[in-house]
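Values quoted throughout were computed directly from the atomic coordinates according to the rules given, and no laboratory measurement underlies them. No experiment lies behind these values; they were computed from the predicted model shown. Heads up, the Cβs are rebuilt from the backbone with ideal geometry, glycines too, and the neighbour counts pull from every protein chain shown.
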Amino acid sequence: MRSNKPSFRSFRPVKSVPKHAILAAIAQSKQGTRAVNQIAPATREFTAFGLDPILLQNIHAKGFQTLTPIQQEVIPAVLAGRDVIGMAMTGTGKTAAFLIPLIQKVIRDRAQRVLVVAPTRELAYQIHGELRDFARGLGIRSAMLIGGANEWRQKQDVKADPHVVVATPGRLKDFIETHVVRLSGFRNVVLDEADRMVDIGFINEIKYFISLLPRERQSLFFSATITGKAGELLAGFVQNPLRVFVKTEAADTHIVQDVIRVSPNVTKIDTLHNLLKQQEFSKVLAFGRTKHGVQKLSDELSRRGIRTGAIHGNKRQGQRQFVLSQFIHNEIQILFATDVASRGLDIPNVSHVINFDLPETMEDYVHRIGRTGRANKRGVALTFIQG
């Protein structure tokens, strides 16, 4: 008897699908980014930078043995006091590239203060978590300022005069306007995922922050793309920067991309349910367009007996972190998300990314599928097309 389960052999090749935005995005994802190496890395070992022994021990405890290309370029530049413009996708080791040398600066001079601004709560959590891992045992105080979390606690953390503040734009602006935070003391500033902050409407806030910063500072700017409004931020932010463009391996090296055509008489949720019955779909991240839509999909699969969860803007931060923890620890099989989760999150061993709803832009597509095939592992990205 022939099985009714979809198989990869039954999927039509991507090139036959008349969805021009997706086709262009797939082509773009296979091109990679050309590297411009303006510092010739002399080593691939963290020991070459004269880092504090405890910091070095913490780096190795996290499993970091050799430098990634962006770490080879950025770490010595930051230690030398250079401003940096880094153009790199997530998953390239970018967070460690700026955290490690900034922590070393604080170790050398406890008067140093560092501000890291990130577009989403999830990315801020990830950055702050890595900061705490790298700074373990070094007496470095930190604060995380994000919406949807305890405001009183965050104010107490600021009163303790943290060496490092990791913040999202909305909460940071609130704290500036209520005189909880003064940016004049931060002489080391990182704008991470700057293009995403522009995309979600924070360009005026970022310009406002830049206007409040001291003129003498070290400025680090990281973005997957630097075009249009993201480029507007650079003139007033960096001075004589080192520009680092990291070439990544083509996406198809580690990610198999394909399209699933769903017949008009079959629902996408039924198709997805059948896929989830297959053993290889062990850890699936599925993207939908709206907050209501992803929650509805999660609820429906839960009724069908699938271990599932959803993260979106209608959930409190604690709820989002709880569901993410469940997914990271393999307690649920499939996580539904809006594009709030498409950037910055480092979730290990995602077997499949599914575009249940089409992304709005090519960049969103590339960032979505980048949640699988990480750390040189194989991954699969599938896009549903109805009709």
**Distant-in-sequence amide H partners of residue 260 (H built 1.01 Å from N, under 5 Å)** = 383, 384, 385
**Prompt:** Mind checking the dipole of region 46-245: about its Cα centre, +1 per Lys or Arg Cβ, -1 per Asp or Glu Cβ, Debye to the nearest 20?
**Reply:** 440 debye
**Request:** Quote the convex hull volume per residue of region 267-387, based on C-alpha atoms, as a whole number of Å³.
**Result:** 104 Å³
**Prompt:** Along region 179-193, what does the Karplus equation 6.51 cos²θ - 1.76 cosθ + 1.60 (θ = phi - 60°) give for ³J(HN,Hα), rounded to whole Hz, x for Gly and Pro?
**Reply:** 6, 7, 10, 10, 6, 5, x, 9, 9, 9, 10, 10, 9, 9, 6
**Request:** Please report, in cubic angstrom per residue, the volume enclosed by the convex hull of the alpha-carbon atoms of region 103-196.
**Result:** 98 Å³
**Debye, to nearest 20: dipole size of region 84-140, +1 on Lys, Arg Cβ, -1 on Asp, Glu Cβ** = 200 debye
**Request:** Using the charge dipole of region 46-245 (Lys, Arg: +1 at Cβ; Asp, Glu: -1 at Cβ; taken about the Cα centre), state which of 93, 230, 138 has its Cα farthest towards the positive end.
**Result:** 138
**Request:** Would you mind checking which residues have amide H under 5 Å from residue 242's amide H? H placed 1.01 Å from N; only 5 or more apart, or other chain.
**Result:** 83, 84, 85
**Prompt:** Once you list every other residue whose beta carbon is under 13 Å from the beta carbon of residue 313, what net charge do they have if Lys and Arg are +1 and Asp and Glu are -1?
**Reply:** +4
**Distant-in-sequence amide H partners of residue 88 (H built 1.01 Å from N, under 5 Å)** = 223, 224
**Asked** Which net charge results for the neighbourhood of residue 188, defined as the other residues with beta-carbon distances under 10 angstrom from its beta-carbon, given Lys and Arg at +1 and Asp and Glu at -1?
**Response** +4
**Request:** May I ask you to derive the relative contact order of region 46-245, considering only C-alpha pairs under 8 Å and at least 6 residues apart, and to give it as an integer percent?
**Result:** 28 percent
**Item:** Residue among 208, 64, 176 farthest towards the positive dipole end of region 46-245, charges placed on Cβ
**Value:** 176
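Per-residue counts of other Cβ atoms within 10 Å, averaged by peptide: what ranking do you get for 199-212, 217-230, highest first?
Highest-to-lowest ranking by the protection proxy: 217-230, 199-212.
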**Asked** Applying the Karplus parametrisation 6.51 cos²θ - 1.76 cosθ + 1.60 with θ = phi - 60° to the phi angles of region 224-232, what ³J(HN,Hα) value in whole Hz is obtained for each residue in order, glycine and proline being reported as x?
**Response** 6, 9, 10, 9, x, 5, 4, x, 4
**Request:** Give the distance, in whole Å, between the Cα centre of region 272-347 and the Cα centre of region 60-96.
**Result:** 30 Å
